[in-house]
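Input: a single structure, listed below in structure tokens.
The values are calculated or read from the model by the stated rules, or taken from the named source; none is laboratory data. What you see is a predicted model, and the numbers here were worked out from it, not measured in a lab. Neighbour counts are summed over all protein chains in view; Cβ atoms, including those assigned to glycine, are modelled from backbone coordinates with ideal geometry.
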Amino acid sequence: MTEAGPDLAERLRDVGYVADEGLATALQLALELKRPLLLEGEAGVGKTEVAKALAALLDTRLIRLQCYEGLDAGHAIYEWNYQRQLLAIRAREQEHLSARQIEAEIFSEDYLLRRPLLEALSQEQPPVLLIDEIDRADEEFEAYLLEILSDFQVTVPELGTIRARSIPVVILTSNGTRELSDALRRRCLYSWVEFPEPGRELEILRRRLPGIDARLAGQVAAFVRALRREELEKKPGIAETLDWAAALAGLGIERLGAEPEKLQRTLICLLKTEADLKAVTPEVTARLAAE
């Protein structure tokens, strides 16, 4: 795995992620201290992309755990392959093995299904472990995480403690839908991720869409920043900005004020609820395009 250095922000740019100094410093410290990093911020600011970019930069595997309500250890850490165990039991019964002998065989690592957390601890080369939207999981699941984030080990009752072969780089993300426990926060470094300033969003546009007209890219970045200041149910994220810019370029729109009706129809790339589409009227669009 490639080591990160003091030029981490520039190296992230090389893999397509434009980080501000605060985030780059947080990532650098997480790598040096081997501590998990908790990224909080509104949906769409690019938190998940941080882990993807870091895996690309370090030339290592990205292992992702998508959290959701009701997530438990069986789906996040491990479970037993019950179908294979049943087949093995039937086969071994014909060999007249004792129940204890059969049990010792079927509760071995050969029958263990590694879910993302245990899979991350099983890698010889340290992977990037992305625990995405941890705020969607409940507090009970957070308790499962504490052993992993503190000691990088998992306890399987039938096997004992399985320790990490290598220490993964852990990135947790949260959209703030619920308050996370103090115990979890204490185990992590922390960074709040903002929507990018127009200059940084412009740089993202140029790096992700290298063929885009420079003037159009500047207008797109300014428009989206102004749009985010409006009263919206869902502010457009960076991915929406990229989609919109690509759509405008594909439709041959060279400046935002040139074709108002066509411009209005493209807002479906930015606005993702009926209320927001109704709120951003042609008059609002014209005002934002002129800012």
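Values for this structure:
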{"quantity": "In segment 171-181, the residues that are surrounded by fewer than 17 Cβ atoms within 10 Å (Cβ to Cβ) and assigned to a strand (DSSP E or B)", "calculated": "none"}
{"quantity": "Residues located in segment 1-57, provided they are more than 23 Å from Q125 (Cα to Cα), of a type in the set (K, R) and modelled with pLDDT of 95 or more", "calculated": "K47"}
{"quantity": "Failed condition for R165, given (1) part of a loop (DSSP other than H, G, I, E, B); (2) in contact with a strand residue (DSSP E or B) (Cβ under 9 Å, 6 or more places away or on another chain)", "calculated": "(2)"}
{"quantity": "Top-ranked residue in segment 205-237 [being of a type in the set (V, I, T) and at pLDDT 95 or above; ranked as surrounded by the fewest Cβ atoms within 10 Å (Cβ to Cβ)]", "calculated": "V224"}
{"quantity": "Helices (runs of 4 or more DSSP H) enclosed by segment 76-142 - at least 1 residues per element that are at pLDDT below 90", "calculated": "82-93, 99-106"}
{"quantity": "From the options L146, L184, residue that is crowded, with 17+ Cβ neighbours inside 10 Å, outside any loop (DSSP other than H, G, I, E, B) and in the same structural domain as L27 (by TED's automatic domain parsing)", "calculated": "L184"}
{"quantity": "Output for segment 53-74, where each listed residue is buried (at least 16 other Cβ atoms within 10 Å of the Cβ) and without any contact (Cβ under 8 Å) to a residue 60 or more places away in the chain", "calculated": "A53, A56, L57"}
{"quantity": "Hits in segment 190-203 - residues which are in a strand (DSSP E or B) and surrounded by 17 or more Cβ atoms within 10 Å (Cβ to Cβ)", "calculated": "S191"}
{"quantity": "Every pair of residues 6+ apart whose Cβ atoms lie under 8 Å, when the first sits in segment 222-233 and is in the same structural domain as L202 (by TED's automatic domain parsing) while the second is of a type in the set (G, A, S) and surrounded by 17 or more Cβ atoms within 10 Å (Cβ to Cβ)", "calculated": "F223/A289"}
{"quantity": "Search result, residues across segment 197-216 that are of a type outside the set (D, E, K, R) and under 26 Å from the mean Cα position of the chain (by Cα)", "calculated": "P198, G199, L202, I204, L205, L209, P210"}
{"quantity": "Qualifying positions in segment 1-60 - assigned to a helix (DSSP H, G or I), within 21 Å of R185 (Cβ to Cβ) and of a type in the set (D, E)", "calculated": "E32"}
{"quantity": "Qualifying residue in segment 139-157 (condition: touching a strand residue (DSSP E or B) at 6+ places or on another chain (Cβ under 9 Å) and among the polar types (S, T, N, Q))", "calculated": "yes"}
{"quantity": "Test: F107 is assigned by TED's automatic domain parsing to the domain that holds L29 and either exposed (fewer than 12 other Cβ atoms within 10 Å of the Cβ) or among the aromatic types (F, W, Y) (or both)", "calculated": "no"}
{"quantity": "Qualifying residue in segment 14-30 (condition: over 23 Å from G199 (Cβ atoms) and under 17 Å from the mean Cα position of the chain (by Cα))", "calculated": "yes"}
{"quantity": "Single residue of P126, P168 found to be in the same structural domain as K47 (by TED's automatic domain parsing), surrounded by fewer than 21 Cβ atoms within 10 Å (Cβ to Cβ) and either aromatic (F, W, Y) or in contact with a Pro (Cβ under 6 Å, 6 or more places away or on another chain) (or both)", "calculated": "P126"}
{"quantity": "Output for segment 244-286, where each listed residue is at pLDDT 95 or above, of a type outside the set (D, E), exposed (fewer than 13 other Cβ atoms within 10 Å of the Cβ) and farther than 20 Å from A43 by Cα", "calculated": "R265, K278, T281, P282"}
{"quantity": "Qualifying helices (runs of 4 or more DSSP H) (wholly inside segment 230-290; at least 3 residues being under 22 Å from R208 (Cβ atoms) and under 28 Å from the mean Cα position of the chain (by Cα))", "calculated": "238-250"}
